[in-house]
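Below you'll find the structure, written out as C-alpha cells, and then a few comments.
Just so you know, all these numbers are worked out from the coordinates, no wet-lab data involved. Model, not experiment: these values are computed from the prediction. FYI the Cβ positions are ideal-geometry reconstructions off the backbone, even for glycines, and counts take in every protein chain you see.
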Amino acid sequence: MHARIGRITFEPDKADDVTTHVRENVVPSYEDADGFKGFTLLIDRTGGQAVGISFWEDESSMQASASIGDQARQSAAEAGSGSDQGPQHFEVTVDTMA
C-alpha cells in the first residue's frame, strides 16, 4: 500500500469549513479513483494546519491520481482561506487500521 500526504494551512476559524469540504467533495473524488483504499484528515484547529492522507493499493494507482490530489489540496486550502503546502509520497510498511 502507498500513501500521499498533503498539507494545507487555513484560517483557524475555518476548520469546520475545511472538514466539510473534504468530506463532501474531496473524499467522493478519491472514491471514484482506481486503487483508492481510504482517507484520513488530521486538523490542528488552533494552528490552522491540516494533513490529509490518501491510501492507495499500489504506487501506480497513487501516481495516477496525482491530479486529484493536487485539486484536493488546492480546493481544501481555498475552503479555509489558506494555502497548499504540497504533497509527499510514502510506502506504507505498518498499518494497524486494516
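May I ask you to sort M1, M97, M62 by Cβ crowding, counting other Cβ atoms within 10 Å and putting the fewest first?
M97, M1, M62
By how many nm would the segment from M97 to S83 lengthen if fully extended, with 0.36 nm per residue of separation less the alpha-carbon distance?
Details: separation 14, 0.36 × 14 = 5.04 nm, distance 2.95 nm.
Residue separation times 0.36 nm, minus the Cα-Cα distance, leaves 2.1 nm.
When only C-alpha pairs under 8 Å and at least 6 residues apart count, what is the relative contact order of region 1-67, in percent?
That works out to 47 percent.
Pairing the Cα long axis of helix 66-79 with the longest principal axis of the chain, what angle in degrees results, from 0 to 90 and rounded to the nearest 10?
Roughly 20 degrees between the two axes.
For the chain, what is the calculated [θ] at 222 nm in deg cm²/dmol (nearest 500), taking -39500 (n - 2.57) for each run of four or more DSSP H residues and dividing by its residue count?
-9000 deg cm²/dmol
Calculate the dipole size of the chain relative to its Cα centre from +1 charges on Lys and Arg beta carbons and -1 charges on Asp and Glu beta carbons; express the result in debye to the nearest 20.
220 debye
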